[in-house]
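Heads up: the structure comes next, in structure tokens.
Read-outs throughout are calculated quantities, based only on the coordinates presented, and are distinct from any laboratory measurement. Not measured: the values here are computed from a predicted model. Cβ sites come from the backbone with ideal geometry, for glycine too, and all protein chains shown count toward neighbours.
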Amino acid sequence: MNIPEDLKPLFGIVGQEKALEVIRVYEGTNVYFSKTLLRQHAHEKIKNAYRDGLSYKELAEKYGYSESYVRRICNPQKID
């Protein structure tokens, strides 16, 4: 099968059968993936890691955020 370059990552991640299933579902449409879902997922991972004992500094380094941003994620009710 001749897979277009822009679809190779999809095939690599989910495999041929699932990739073809996704293509069938979205065939003929434009698909946009908002960053919101990925951001929410990252924030949940950060909150869980903080509860597990990682520091703001460790989390900031791991996820590429500032310490103050990590603090706001972990404690949204507090104001810096």
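Stokes-Einstein D for region 1-45 at 10 °C, 1.306 mPa s, Kirkwood Rh over Cα pairs, in µm²/s? In µm²/s, the coefficient rounds to 129.
To the nearest 10 degrees, how steeply does helix 35-51 sit against the main Cα axis of the chain, on a 0 to 90 scale? Relative to the chain, helix 35-51 is tipped by roughly 40 degrees.
Every Cα-Cα pair in region 35-74 was counted, and those over 16 Å apart are 21% of them. For mean projected area of the Cα convex hull in nm², the candidate list reads (i) 6.6; (ii) 7.8; (iii) 5.7; the entry that matches the value derived from this model is (ii).
So if I place +1 on the C-beta of Lys and Arg and -1 on the C-beta of Asp and Glu, and nothing else carries charge, what would the dipole magnitude of the chain be about its Cα centre? I want it in debye, nearest 20.
With only Lys, Arg, Asp and Glu charged at Cβ, the dipole is about 420 debye.
Within the listed set Leu38, Leu20, Leu54, the residue fluctuating most in the Gaussian network model of the chain (springs between alpha-carbon atoms under 10 angstrom) is Leu20.
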